[in-house]
Amino acid sequence: MASMPDVDLWGVPLAMLGGAIRVSTPFLFVSLGECLTERAGRVNLGLEGTLVLGAMTGYGAAYETGSAWLGVGAAALAGTLFGAVHGVVCRLPRVNDIATGIALMLLGIGLAFFFGKPYIQPVAPDLPAIPFGWWSESPQVRTALNVNVLFLAGCALAVALAWMFRATRIGLTIRVVGDSSDAARAMGVRTHTVRLLATAAGGALAGVGGAYLSLYYPGSWNEGISSGQGLMAVALVIFARWNPVRCLGAALLFGGAGALGPALQSVGITQGYHLFYAAPYVLTLGLLVATSSPTRALAGAPGELSISR
Amino acid sequence: MNRKRNQSRRDLLTTTAGMAIAATAGTLMPWRVGQAASLTVGFLYVGPKDDYGYNQAHAEGAAALRAIDGVTLVEEENVPETVDVQKSMESMINFDGVTLLFPTSFGYFDPHILAVAPDHPGLRFQHCGGLWNAGDHPANVGSYFGYIGMGQYLNGIIAGHATASKKIGFVAAKPIPQVLLNINSFLLGARAVDPSIACQVIFTGEWSMPVKEAEATNALIDQGADVVTCHVDGPKVVMETAAGRGAYLCGYHANQSPLAPEQYLTGAEWNWAKVYQDMVETTLAGGTISNFVRGGLAENFVKMSPLGPAVSGPARKQFEAAKAEIMQGGFAVIRGPLKDNRGNVVATEGQSFVETDVALESMDYLVEGVIGSTS
């Protein structure tokens with residue numbers, strides 16, 4: 001470059017922090033939903049469809065009612081419904097949850113596109129954010145620390161879920177259903193009901209993740225809104241070894257890595273931006289290779305999952 | 001995609017018989033000659049037709065055809081740039097009787113239109129943006145495009161007056177010639193106001209990637225850009241994000257001022273209505289559309305959004321003067337001496353590339369003052 005502009009390298013970590021907070025929330029909600037579902041012994045690959053449907057329902061409901069929070073509620077409801085459908089279909093004999101999940105993913109996306117047509121143009125109200133950067137003079141810092149309420153809720157939920165799995169009766173019930181149906185039945189637990197409820201609750205979380213996309217960041221409904229984030233979030237669960245707190249870490253890592261490309265270009269490091277955009281995937285691959293072991297199965301995988309059985 | 005794709009054999013027989021009778025009747029009835037001609041026109045869009053952007057611009061142009069007597073409009077949205085578009089075109093031709101097709105997305109041209117067109121020599125395929133040439137491509141394929149870079153130059157003039165930080169921002173999808181020309185024109189317009197202005201560009205790598213577009217817009221504004229424009233399929237996310245951060249906006253593809261009326265300065269818009277009406281009227285009159293159609297502000301192929309309330313008096317004056325000069329034709333945004341942002345000379349002293357120069361349609365550089373890289 002002929003004249004190098006004033007490069008503000010501090011902008012990069014700051015943008016990554018801001019990006020991690022802004023971009024990670026859908027990853028976080030979907031991966032928590034999938035974590036809950038899989039800990040009960042079921043895989044739901046349909047959460048990408050639930051995410052898109054949640055984004056559309058949330059935006060539509062917020063626009064019609066004028067309240068962003070009602071939008072979030074509607075998205076959660078749509079997600080619950082989709083999760084419950086998956087749960088009900090999967091409890092039928094000889095139904096493969098992977099195939100059903102993919103079918104529901106396509107159905108969710110199709111429904112969202114069909115019903116979402118009239119909502120592409122209108123502008124719906126946004127979810128509020130809390131300005132944690134009020135102490136700073138710098139607009140960059142203020143923007144980075146403008147934290148949406150749903151992100152905080154997601155963080156709290158990750159910790160709460162971890163605690164639930166470890167220390168509560170409900171959590172232990174879900175875990176035993178996920179690890180061994182036989183043991184659960186011997187204890188008198190209704191495995192089907194537990195899985196159905198866990199799948200429905202997981203769907204609700206994915207729906208909320210979708211509402212975050214359309215109601216806060218990027219904050220509008222269109223057909224390319226998810227661009228595969230739901231699928232990546234499902235994969236994050238394996239990466240996070242079915243631990244909700246690690247899901248939070250993984251979601252933040254993905255969000256931050258996704259912000260790397262635009263941030264580096266914005267400070268003038270522009271060569272090879274395609275490679276920066278691939279950073280999240282390279283990172284995942286690297287960490288999976290580093291943490292894998294030839295001598296043992298995936299640590300933490302619930303025993304009843306169709307992928308580990 | 002709610003049109004019926006499969007016809008039963010009985011339907012087919014009925015239709016064929018019907019057509020045969022109609023054809024016979026046509027030849028037997030001399031008074032039919034005086035009847036108005038009719039034409040079924042098919043439009044294919046790569047995204048939703050109300051995206052505040054590229055597809056909306058085309059769909060608005062298509063809608064204007066409804067005003068013409070005898071024209072039936074068939075449209076299909078969300079057609080990927082894959083073999084799907086070939087199937088959609090075949091289906092429009094075989095089942096809807098479309099004889100004039102507008103597959104609007106850039107990626108439809110090669111290989112899809114080039115594969116389907118030779119099978120239907122009697123039909124006409126009009127593609128937006130492709131570089132048609134008589135030697136390589138079928139004669140029933142035509143290419144049309146507008147010199148919207150001139151609109152980005154005018155955007156740049158307005159942006160040059162509005163920027164306080166002397167840094168303007170551009171969110172771009174892919175470094176293809178049309179996008180590069182828009183970026184360069186935006187900066188050169190701003191530099192016509194103040195030669196110290198720089199333009200930061202961020203490539204997202206995809207035509208529609210809302211989260212990345214929002215991140216790119218935030219990154220531009222974090223680094224001090226205070227006027228933002230873009231070249232992505234749907235500018236809504238960029239405009240809303242930039243408006244939320246308090247930046248000024250220059251639009252692209254369509255008029256985005258309803259999204260942020262106070263901060264929207266102006267925008268470079270397509271005006272396909274006129275182009276499509278001309279093409280359809282030519283066809284209805286029995287004429288042939290030219291294979292290579294180009295036009296700019298003067299020909300009414302592109303237009304500018306009305307200037308917003310934040311545009312200052314001097315900005316308005318320079319904008320109008322430049323616009324008048326462009327309207328006369330022969331205006332060159334790229335004129336020497338000019339270097340690219342790696343220091344190579346792209347135009348020597350006295351050399352200029354006027355808007356109609358085909359060389360501009362294979363641009364592969366960013367001019368000096370643009371912070372960004374094409375690879």
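The values are calculated or read from the model by the stated rules, or taken from the named source; none is laboratory data. Keep in mind that what you see is a predicted model, and the values were worked out from it rather than measured. Cβ atoms come from the backbone with ideal geometry, glycine included; neighbour counts cover every protein chain shown. The area values use the complete protein model at the heavy-atom level, side chains included, leaving out ligands, DNA and RNA. Shrake-Rupley method; radii C 1.70, N 1.55, O 1.52, S 1.80 Å.
Report summary: the helix-based calculation at 222 nm, which adds -39500 (n - 2.57) for every DSSP H run with n ≥ 4 and divides by the residues of chain B, gives -10500 deg cm²/dmol.
Note that chain A carries a Kirkwood radius of 20.0 Å, evaluated over its alpha carbons pair by pair.
With a 10 Å radius around each residue's Cβ, average the other Cβ atoms per peptide and rank A:256-262, A:53-59, B:226-232, highest first.
Packing order, densest peptide first, comes out as A:53-59, B:226-232, A:256-262.
Taking the chain by itself as reference, the range A:248-264 contains these residues with an accessible-area loss of 10 Å² or more in the full protein complex (1.4 Å probe, heavy atoms): A:G258, A:A259, A:P262. Rounded to the nearest 5, the antiparallel percentage of DSSP beta bridges internal to chain B is 15%.
Legend: mean number of C-beta atoms from other chains within 10 angstrom of residue C-beta atoms, peptide B:219-229, equals 5.
Interface size between chain B and chain A, please: total buried accessible area, 1.4 Å probe, rounded to the nearest 100 Å². Write out the running numbers ahead of the final one.
On the way: alone 16400 and 14650 Å², together 27780 Å².
Summing both chains' loss of accessible area gives about 3300 Å².
Each of the peptides B:195-207, A:183-195, A:199-211 was scored by the mean count of other Cβ atoms within 10 Å over its residues; in descending order, highest first, they stand as A:199-211, B:195-207, A:183-195. Rg/Rh for chain B (Cα atoms only, Rh after Kirkwood) is 1.03. Peptides A:143-152, B:101-110 ranked from most to least packed by the mean count of surrounding Cβ atoms within 10 Å: B:101-110, A:143-152. Return the carbon/sulfur percentage of the accessible area of the protein assembly as shown, one whole number, probe 1.4 Å, all protein chains in place. The value for the protein assembly as shown is 61 percent carbon and sulfur by accessible area.
Taking amide hydrogens as placed 1.01 Å from N in the peptide plane, the amide H of B:V293 sits under 5 Å from those of B:S143, B:Y144, B:F145, each at least 5 positions away in sequence or on another chain. Per-residue mean of foreign Cβ neighbours for B:197-209 is 4 (Cβ atoms of other chains, 10 Å radius). Amide H to amide H, with H built 1.01 Å from N, B:H253 comes under 5 Å of B:A268, B:W270, counting only residues 5 or more places away or on other chains.
With equal scatterers on the alpha carbons only and no solvent term, can you work out the Debye log10 of I(q)/I(0) for the range A:63-114 at 0.21, 0.22 1/Å? Result of the Debye calculation: -0.81, -0.85.
A 1.4 Å probe run over the protein assembly as shown, with the rest of the protein chains in place, finds 41 Å² accessible per residue. Relative to the globular-protein estimate of 2.2 N^0.38 Å, the Cα radius of gyration of the protein assembly as shown stands at 1.05. Dividing the mean sequence gap of close Cα pairs (under 8 Å, 6+ apart) by how many residues chain A holds gives a relative contact order of 36 percent. Averaged over peptide B:48-55, the number of partner chain Cβ atoms lying within 10 Å of each residue's Cβ comes to 3.
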